[in-house]
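Accompanying notes for the structure given below.
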């Protein structure tokens, strides 16, 4: 698979979802309300300590509620030397509006 842009749109994610590791960096209470199918929850506060959970054989896409936390997480991973990571522009909110209306909005 070709490398993804650093910021992916909801539509782009929908096209490649089966070929990426999708990481939800929100808090557990948020994931209990809504999540993108196939994603793995690693809250932002635990991400740096959980790098071994990031697969090396496929691109990683981070997401949060509206995209702010995932953008910050991407910068943090850059500083730690982690490559092959993107984030979802607009977060799960945009994904729900533009791709999958069955995902609850909050």
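Where a number appears in this text, it was derived from the coordinates with a stated rule and is not lab data. Bear in mind the structure is a predicted one, so any value in this text is a computation, not a measurement. Heads up, the Cβs are rebuilt from the backbone with ideal geometry, glycines too, and the neighbour counts pull from every protein chain shown.
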Mean separation of Cα contacts under 8 Å (at least 6 apart) over the residue count of the chain, i.e. the relative contact order in percent, is 35
Protection proxy (average C-beta count within 10 Å per residue), highest first, orders 91-104, 27-40, 58-71 as 58-71, 91-104, 27-40
With only helices counted (DSSP H, runs n ≥ 4, each -39500 (n - 2.57)), the per-residue ellipticity at 222 nm for the chain, to the nearest 500, works out to -9000 deg cm²/dmol
Between residue 75 and residue 102, Cβ-based FRET efficiency (R0 41 Å, step 0.05) works out to 0.85
In nanometres, the difference between 0.36 nm per residue of separation and the alpha-carbon distance of residue 14 and residue 57 is 13.5 nm
Simple spin-label estimate for residue 7/residue 32, 7 Å along Cα→Cβ, in nm, reads 3.2
